[in-house]
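Data block below; observations after.
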Amino acid sequence: MTDKLSKTQDTAARGTVPMVKAQGVHKSFGHVEVLKGIDLEVRPGEVFCLIGPSGSGKSTFLRCINHLEKINAGRLYVDGELVGYRQQGDKLYELRDREVAMKRRDIGMVFQRFNLFPHMTALENVMEAPVQVKGAGRTQTRERAMQLLERVGLADRAGHYPSQLSGGQQQRVAIARALAMDPKLMLFDEPTSALDPELVGDVLDVMRDLAESGMTMVVVTHEMGFAREVGDSLVFMDDGVVVESGHPRDVLTNPQHERTQSFLSKVL
Amino acid sequence: MTDIDKTAGEQDTPPAGPEAIKAIPVRHYGRYVSAVLAIAILVAIIYAFGQGKINWNAVPDYFFDDRILTGVGKTLLLTVASMAIGIIGGIVLAVMRLSKNPVTSSIAWFYIWFFRGTPVLVQLVVWFNLGLVFEYINLGPVYKDQWSDFMTPLLTALLGLGLNEAAYMAEICRAGLLAVDEGQTEAAHALGMSHGRTLRRIVIPQAMRVIVPPTGNEVINMLKTTSLVSVVQYPELFRYAQDIGQNSGAPVEMYFLAAAWYLIMTSVLSVGQYYVERYYARGSSRSLPPTPWQKVRAHLTTFSSRKVAA
């Protein structure tokens with residue numbers, strides 16, 4: 001309850017600055033144009049779901065948000081600041097690696113293939129970034145990391161290596177690892193696609209809990225149930241463009257566009 | 001066959017299992033022929049050496065000779081020092097080769113191309129004879145000396161072996177770095193880690209598992225290659241054995257002795273390498289291969305169970 005309250009206050013305090021704002025974002029890999037002009041806005045505290053067939057560019061767009069991919073045209077803002085560039089007058093300056101790294105601290109990312117560091121235990125995975133990047137104290141970080149592992153229900157697995165954990169457990173450690181940097185935005189790139197069906201629920205529960213705490217989340221997913229229950233906004237992408245957007249309930253139950261209808265009829 | 005045995009053995013009521021197949025195995029006559037042939041050739045070789053006038057007693061006489069032991073020590077020193085140069089140089093070259101800077105990457109490519117493409121013996125001789133074209137070494141205000149005082153036989157040997165090795169180690173390190181999943185770099189970057197820190201904390205520790213086994217091979221190779229430095233007047237095992245051989249009138253015997261020492265050292269290194277590899281294989285999903293001792297024990301138990309079955 002207090003979470004919901006602080007969420008609305010937070011939104012009000014930030015005023016109208018969207019957490020993510022895309023204006024005509026284009027991205028090509030060689031001659032293949034993957035994003036053909038994406039315009040969208042993610043409000044602070046919102047759970048923003050991206051759905052669409054594979055190859056539609058939704059993962060690429062997500063990776064552009066924290067500058068893992070460079071965009072070719074358009075503008076992309078996170079919390080009011082340009083991603084990857086600095087604007088002075090009407091000139092754009094590319095940011096240095098160090099500056100890009102600095103901005104990524106505030107953006108957590110969860111990958112489809114978990115990408116936990118296999119040579120570190122679950123606890124060490126969670127502690128790595130705060131200690132190495134922020135220079136936080138070890139004892140303090142360890143305490144906080146244990147709290148986060150507790151939050152994702154894996155406190156008793158702290159000393160295990162990733163290879164000793166199930167896929168669902170690895171993904172929950174990965175979420176804890178991202179949260180350890182206290183991000184203001186979390187990006188999820190098909191977080192449950194690589195999991196056995198029976199392990200999906202645990203990960204979605206953690207994400208639901210995170211959404212309730214007021215975290216701004218951009219989620220690329222095939223879990224329509226999650227999108228409907230937890231999502232505040234939903235965008236259907238196909239072939240590098242936004243085909244349809246709106247509230248998840250509306251788009252999922254009453255799709256207007258023919259392409260959306262045919263996609264949903266196959267996955268629902 | 002073994003599967004059937006296993007299931008039969010695991011069941012609590014043995015007679016209930018299916019009857020084991022009793023068939024006459026295929027006879028491989030070719031194998032008998034080749035075995036007899038191989039043994040015959042071996043016997044012929046041993047006989048030939050028995051006929052030769054070899055003073056076998058000279059080998060144990062000089063085996064622990066002071067000069068030989070000094071030579072063994074220097075061979076080991078050369079191996080360790082050249083490998084150290086090679087590994088450090090190799091890491092630097094590998095990082096240069098993988099860097100986005102076209103100049104550093106091309107220089108590293110050129111270095112590897114040159115040092116891998118020319119024989120190490122030629123490189124050693126070139127280092128040794130540079131004194132013929134350079135009278136002084138002059139590094140401006142830093143260092144200036146007569147070339148012959150600067151380029152001692154030890155330095156020549158270390159440069160020759162180490163710089164050549166760096167080219168090979170560079171390729172090994174590069175393969176190791178490339179073997180680490182790109183997702184690891186992305187995850188580290190997404191957490192706000194810089195390039196350097198990602199390399200140091202995330203990529204290199206994982207690359208080690210790929211780098212260590214071939215590096216063990218390189219150490220063994222290096223130990224043998226050190227015998228080449230006799231041409232640059234640095235005395236090591238091979239050189240000492242040669243000297244003793246010429247003075248004592250038993251040159252061939254002394255070569256045997258040197259070979260025996262090299263065999264001993266490479267054998268010890270091979271055993272070491274085996275266990276280092278096992279150590280770095282820990283944590284990977286595949287199960288570890290059994291140690292030789294475990295294999296021996298496994299064979300003994302299968303033999304005994306066969307006897308019981310018979």
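The values are calculated or read from the model by the stated rules, or taken from the named source; none is laboratory data. Just so you know, these numbers come straight off a predicted model, no measurement behind them. Positions of Cβ are generated from backbone atoms using ideal geometry, with glycine treated the same way; all protein chains shown enter the neighbour counts. Accessible surface areas use protein heavy atoms only, side chains included; no ligands, DNA or RNA. Shrake-Rupley method; radii C 1.70, N 1.55, O 1.52, S 1.80 Å.
Please build a GNM for chain B, connecting alpha carbons under 10 Å apart, and tell me which residue among B:110, B:256, B:49 fluctuates the most. For chain B, modelled as a Gaussian network with Cα springs under 10 Å, the answer is B:49.
In the protein assembly as shown, taking the dipole from charged Cβ atoms about the Cα centre, the farthest positive-side position among A:18, B:168, B:99 is held by B:168.
Of all aspartates and glutamates in the structure, those lying under 19 Å Cα to Cα from residue B:22, and not within fewer than 8 positions of it along the same chain, are B:3, B:5. Computed from the C-beta positions of residue A:213 and residue A:266, the FRET efficiency with R₀ = 45 Å rounds to 0.85. Of the GluC sites (Glu not before Pro) found in the range B:120-226, the ones in coil according to DSSP and having at most 14 other Cβ atoms within 10 Å of their Cβ are B:135. Other residues lying with their Cβ under 13 Å from the Cβ of residue A:136 contribute a combined charge of +2, Lys and Arg counting +1, Asp and Glu -1. Pairs spanning more than 27 Å between alpha-carbon atoms, out of A:58/A:266; A:103/A:266; B:100/B:224; A:36/A:91; A:103/B:100; A:21/A:91: A:103/A:266; B:100/B:224. Within the assembled protein chains, the solvent-accessible surface assigned to residue B:56 is about 140 Å², based on a 1.4 Å probe. The solvent-accessible area of residue A:67, taken with every protein chain present and a 1.4 Å probe, is close to 30 Å².
Compute the FRET efficiency between residue A:249 and residue A:155 as 1/(1 + (r/R0)^6), taking r as their Cβ-Cβ distance and R0 = 45 Å, and round to the nearest 0.05. The calculated FRET efficiency here is 0.80. Between B:183, B:71, B:162, the residue with the greatest mean-square fluctuation in the GNM of chain B (Cα pairs under 10 Å linked by springs) is B:183. Since only A:87, B:153, B:112 are under comparison, the one whose Cα sits farthest along the positive direction of the charge dipole of the protein assembly as shown, derived from C-beta charges on Lys, Arg, Asp and Glu, is B:153. Annotation: extensible slack from residue B:105 through residue B:118 equals 2.7 nm (criterion: 0.36 nm per residue apart, minus Cα-Cα distance). Using a probe of 1.4 angstrom and keeping all protein chains present, the accessible surface of the range A:17-153 works out to 47 square angstrom per residue. Report the residue, chosen from A:108, A:55, A:135, that carries the largest GNM mean-square fluctuation when chain A is represented by alpha-carbon nodes joined by springs under 10 Å. It is A:135. Relative contact order of chain B, taken over Cα pairs closer than 8 Å and 6 or more residues apart, is 21 percent. With a Förster radius of 25 Å applied to the beta-carbon distance between residue B:149 and residue B:84, the computed FRET efficiency rounds to 0.55. Extending 7 Å from the Cα toward the beta-carbon at both residue B:77 and residue A:54 defines two label points whose distance is 6.2 nm. Interface size, chains A and B: roughly 1800 Å² of accessible area buried, both sides included, 1.4 Å probe, rounded to the nearest 100.
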